[in-house]
Amino acid sequence: MITLERSTPSQRKQIALIEKWMKIKFKGCVTSKVECQLFIDDYYEDAVCLQQEYNEQ
């Protein structure tokens, strides 16, 4: 039997930050650790940079 790991609260917070700053919507399964991590790997660094640039103004 295959059991999927559930996403962590930290991953869900990172997704919320990405959605806010990149203005994109996560369309994967929010409870899937793997789907969340793939999304985070693609967008998190850029979202953090946008947030930092905004906060420096």
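The values are calculated or read from the model by the stated rules, or taken from the named source; none is laboratory data. Values in this document were obtained by computation on a predicted structure and should not be read as measured data. So basically every Cβ, Gly included, is an ideal-geometry build from the backbone, and we count neighbours across all protein chains shown. Just so you know, the surface numbers come from the protein's heavy atoms only, side chains and all, with ligands and any DNA or RNA stripped out. Shrake-Rupley method; radii C 1.70, N 1.55, O 1.52, S 1.80 Å.
Figures for the structure shown
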| quantity | calculated |
| --- | --- |
| Matching residues, segment 1-13, being in a loop (DSSP other than H, G, I, E, B) and either in contact (Cβ under 8 Å) with a residue 12 or more places away in the chain or open to solvent by less than 60 Å² (accessible area, probe 1.4 Å) (or both) | 4, 5, 7, 8 |
| Given (1) open to solvent by 60 Å² or more (accessible area, probe 1.4 Å); (2) in a helix (DSSP H, G or I); (3) free of Cβ contacts under 8 Å to residues at least 12 places away in the same chain, index of the condition residue 16 fails | (1) |
| Filter result (closer than 23 Å to residue 53 by Cβ and outside any loop (DSSP other than H, G, I, E, B)) within segment 19-32 | 19, 20, 21, 22 |
| Within segment 19-50, considering residues that are among the polar types (S, T, N, Q) and surrounded by 14 or more Cβ atoms within 10 Å (Cβ to Cβ), the one nearest to residue 5 (Cα to Cα) | 32 |
